[in-house]
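The values are calculated or read from the model by the stated rules, or taken from the named source; none is laboratory data. Computed from a predicted model, the values in this text were never measured in an experiment. Using ideal geometry, Cβ is built from the backbone for each residue, glycine included, and neighbour counts are taken over all protein chains shown. Only protein heavy atoms, including side chains, enter the accessible area calculation; ligands, DNA and RNA are left aside. Shrake-Rupley method; radii C 1.70, N 1.55, O 1.52, S 1.80 Å.
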Amino acid sequence: MLSRIIYTSTISNDITPKEIEKILTKAQSNNDKKDITGMLYFSRNKFLQCLEGGRVSINETYHTILNDTRHSNIILLNYEEISQRVFSNWSMAYVPESSLSAPINLKYSNSTIFNPSEMSSESIYKMMLELKDVLTSVN
Ligand SMILES: Cc1cc2nc3c(=O)[nH]c(=O)nc-3n(C[C@H](O)[C@H](O)[C@H](O)COP(=O)(O)O)c2cc1C
């Protein structure tokens with residue numbers, strides 16, 4: 001059953017950009033094997049991640065992610081069955097902080113600073129769709 005998990009978390013203090021690169025490479029190779037697709041957005045000190053795939057697969061991966069000490073304050077924002085993927089072309093797309101972050105954050109929330117716990121799941125979903133457009137225009 002095709003399903004989607006969206007969560008947010010706060011990066012741990014000692015994590016460098018190099019470490020994020022390692023997380024991403026590992027995520028992409030693991031997800032590829034499990035037919036998981038999705039996106040990881042990073043803004044200031046917050047992650048927003050979307051995992052799409054089989055119900056069992058995404059739950060297994062989510063449980064692994066929950067135990068990862070490289071982030072904390074993990075908050076589940078949305079879990080649902082879906083009829084189609086948004087990120088079918090990406091084993092894990094990455095959207096880092098850029099000059100586009102502040103205007104996109106402002107468009108979907110009350111501030112230029114990304115604060116997903118203050119956002120509705122509808123805003124988060126629409127923001128993810130816009131972040132996908134950023135990816136498509138970069139690639
Ligand atoms: C923010 C964040 C996102 C992650 N995303 C994924 C992911 O999409 N897929 C994945 O397999 N691991 C992801 N990980 C890494 C897992 O927590 C874990 O380190 C990894 O799955 C272990 O893989 P291994 O058992 O093959 O060594 C993520 C970790 C963090 C901190």
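Report LYS22's accessible area, 1.4 Å probe, all protein chains in place, as a number in Å² to the nearest 10.
Using a 1.4 Å probe on the heavy atoms, I get roughly 120 Å².
Calculate one ³J(HN,Hα) per residue across region 2-8 by plugging θ = phi - 60° into the Karplus curve 6.51 cos²θ - 1.76 cosθ + 1.60, and present them in order as whole Hz with x for glycine and proline.
Each residue of region 2-8 in turn: 5, 9, 9, 10, 10, 9, 10 Hz.
Starting from a Cα-only point model with no solvent, please compute log10 I(q)/I(0) by Debye for region 86-139 at q = 0.29, 0.30, 0.32 1/Å.
Once normalised to I(0) and log-transformed, intensities are -1.26, -1.30, -1.37.
Taking θ as phi - 60°, what are the ³J(HN,Hα) couplings along region 46-53 by the Karplus curve (6.51, -1.76, 1.60), each to the nearest whole Hz, with x for Gly and Pro?
Result, rounded to whole Hz: 10, 9, 10, 10, 10, 10, 10, x.
Compute, for the chain, the length of the dipole vector about the Cα centre, with Cβ point charges of +1 (Lys, Arg) and -1 (Asp, Glu) only. Units Debye, rounded to 20.
In debye, rounded to 20, the chain gives about 120.
Using modelled backbone amide H atoms (1.01 Å from N, in-plane), which distant-in-sequence or interchain residues come within less than 5 Å of TYR94's amide H?
Amide H neighbours of TYR94: LEU40.
Quick one: with all protein chains in place, what share of the accessible area of region 2-138 is carbon or sulfur, to the nearest percent (1.4 Å probe)?
Of the solvent-accessible surface of region 2-138, carbon and sulfur hold 50 percent.
Enumerate the calculated ³J(HN,Hα) couplings along region 121-134 in order (Karplus 6.51 cos²θ - 1.76 cosθ + 1.60, θ = phi - 60°), each rounded to whole Hz, writing x wherever the residue is Gly or Pro.
5, 5, 4, 4, 5, 5, 5, 4, 5, 5, 5, 5, 4, 4
Please pull out the direction-averaged projected area of region 2-138, using the convex hull of its alpha-carbon atoms, in nm² to one decimal place.
On the way: hull surface 30.4 nm².
The directionally averaged projection comes out at 7.6 nm².
Taking LYS22 as the anchor, which lysines have their alpha carbon closer than 24 Å to its alpha carbon, excluding any fewer than eight residues away along the same chain?
Counting by Cα, and skipping residues close in sequence, LYS22 has these lysines nearby: LYS33, LYS34, LYS46, LYS132.
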